[in-house]
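Reading through the structure tokens given below for one structure.
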Amino acid sequence: MERWATFDCYGTLIDWDGGVRAELTRVFGDERVEDLLVRYHEIEPALQRNGASSYRTVLTEAMRELGAPAGQEHRLAESLPGWRAFPEVKNALADARRRGWKLAILSNTDVDFIAASQVTIGVPFDEVVVAQEIGSYKPAHRHWETFFERTKAPRDGHVHVAASLFHDIAPANELGLRSVWINRLGERATAQPTAELTDLFSLPETLDELVPG
């Protein structure tokens, strides 16, 4: 049986919080960053709701709603290709591949952004599904539906790995899928994952425990 691990990218593999925080600091200064991050988390899902806007547009409109000065509203989108991967990601994914796992990304982003981030991650993926090409943002189910349509992956050989309870763990539960929550921020669970980790260091072993080879 094929074994597939699907991943959210930003917040799970790429340091989304660090990338957004750094750019908000550049545009707005240090004092407002924490409040602006909270506000951004409120704004983004509303901008993604109908699935029609590219993620570049979502980032730009979010900056406008946060009150970015004229000419600075594009800065967040322009910074995304430079956001860094978490330090353990490359080795963890490479180890998973050595153990026979196929890897896929299911991301609320655009084709060019995810291409740049794959280079940063440095490990090949067997499938990539992004919001721009399917006209849908998670937590809607279209990413998973498209993944299973394309790969014919067996559901009993699949695990979804993500940092967002709202965008990923909750819909994985709705679909009856195994999930690993990467709780880097010490949050309290509002949706119950199959397993919980604080980072990806022990992810390969956890995947093997959930779906033995």
Seminar exercise, completed: Okay, helices (runs of 4 or more DSSP H) sitting entirely in the stretch 25-99 with 2 or more residues that are modelled with pLDDT of 95 or more and touching a Ser or Thr at 6+ places or on another chain (Cβ under 8 Å), I get 55-66, 75-79
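Just to be sure before I move on: is Leu103 over 30 Å from Glu2 (Cβ atoms) and of a type in the set (A, V, I, L, M, F, W, C) in the structure I sent?
No: the conditions fail for Leu103.
Among residues belonging to the stretch 62-84 that are hydrophobic (A, V, I, L, M, F, W, C) and open to solvent by less than 30 Å² (accessible area, probe 1.4 Å), point out the one that is farthest from the chain's Cα centre (by Cα). Break it down into steps so the answer makes sense when it comes.
The first filter runs over the stretch 62-84 and keeps only residues hydrophobic (A, V, I, L, M, F, W, C), leaving 62-63, 66, 68, 70, 76-77, 80, 83.
This time we only want the ones that are open to solvent by less than 30 Å² (accessible area, probe 1.4 Å), so: 62-63, 66, 68, 76-77, 80, 83.
Working: Ala62: 18, Met63: 20, Leu66: 22, Ala68: 25, Leu76: 17, Ala77: 16, Leu80: 13, Trp83: 13 Å.
Taking the candidates together, the pick is Ala68.
Regarding Glu127, is this residue under 17 Å from the mean Cα position of the chain (by Cα) and open to solvent by 20 Å² or more (accessible area, probe 1.4 Å)?
Numbers: under 17 Å from the mean Cα position of the chain (by Cα): yes; open to solvent by 20 Å² or more (accessible area, probe 1.4 Å): yes.
Here the answer is yes, as Glu127 does meet what is asked.
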Exercise. So which of Ala52, Ala46 is open to solvent by 10 Å² or more (accessible area, probe 1.4 Å), free of Cβ contacts under 8 Å to residues at least 60 places away in the same chain and among the small types (Gly, Ala, Ser)?
Worked result: Ala46
For this session: Can you give me the number of residues within the stretch 117-153 that are more than 24 Å from Lys90 (Cβ to Cβ) and in a helix (DSSP H, G or I)?
Result: 11
Problem set entry | Residue in the stretch 81-88 that is among the small types (Gly, Ala, Ser) and either farther than 29 Å from Asp208 by Cα or in contact with a Gly (Cβ under 8 Å, 6 or more places away or on another chain) (or both) present | yes
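Answer yes if at least one residue in the stretch 165-172 is open to solvent by less than 70 Å² (accessible area, probe 1.4 Å) and within 23 Å of Ala94 (Cα to Cα), and no otherwise. First the steps, then the outcome.
Looking only at the stretch 165-172, we keep the residues that are open to solvent by less than 70 Å² (accessible area, probe 1.4 Å), and these are 165, 167-172.
This time we only want the ones that are within 23 Å of Ala94 (Cα to Cα), so: 168.
Yes, the stretch 165-172 has at least one match.
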Exercise. Among (1) out of contact with any Phe, Trp or Tyr (no Cβ under 8 Å at 6 or more places or on another chain); (2) in contact (Cβ under 8 Å) with a residue 12 or more places away in the chain, where does Asn91 come up short?
Worked result: (2)
For this session: Quick one: in the stretch 142-193, of everything that is over 18 Å from Glu127 (Cβ atoms) and of a type in the set (Ser, Thr, Tyr), which residue is modelled with the highest pLDDT?
Result: Ser164
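Of all residues in the stretch 12-43 being open to solvent by less than 20 Å² (accessible area, probe 1.4 Å) and either on the phi > 0 side of the Ramachandran plot or among the β-branched types (Val, Ile, Thr) (or both), which is farthest from the chain's Cα centre (by Cα)? Working first, answer last.
Of the stretch 12-43, the ones open to solvent by less than 20 Å² (accessible area, probe 1.4 Å) are 12-14, 19-20, 23-24, 33, 36-37, 40, 43.
From the residues that got through so far, the ones that are either on the phi > 0 side of the Ramachandran plot or among the β-branched types (Val, Ile, Thr) (or both) too are 12, 14, 20, 33, 43.
Values: Thr12: 6, Ile14: 8, Val20: 14, Val33: 21, Ile43: 17 Å.
Within the stretch 12-43, the match that is farthest from the chain's Cα centre (by Cα) is Val33.
The values are calculated or read from the model by the stated rules, or taken from the named source; none is laboratory data. Quick caveat, the model's predicted, so the values are computed rather than measured. Note that we place each Cβ from the backbone using ideal geometry, even for glycine, and neighbour counts take in every protein chain shown. Side chains are part of the model used for accessible areas, which takes the heavy atoms of the whole protein and leaves out ligands, DNA and RNA. Shrake-Rupley method; radii C 1.70, N 1.55, O 1.52, S 1.80 Å.
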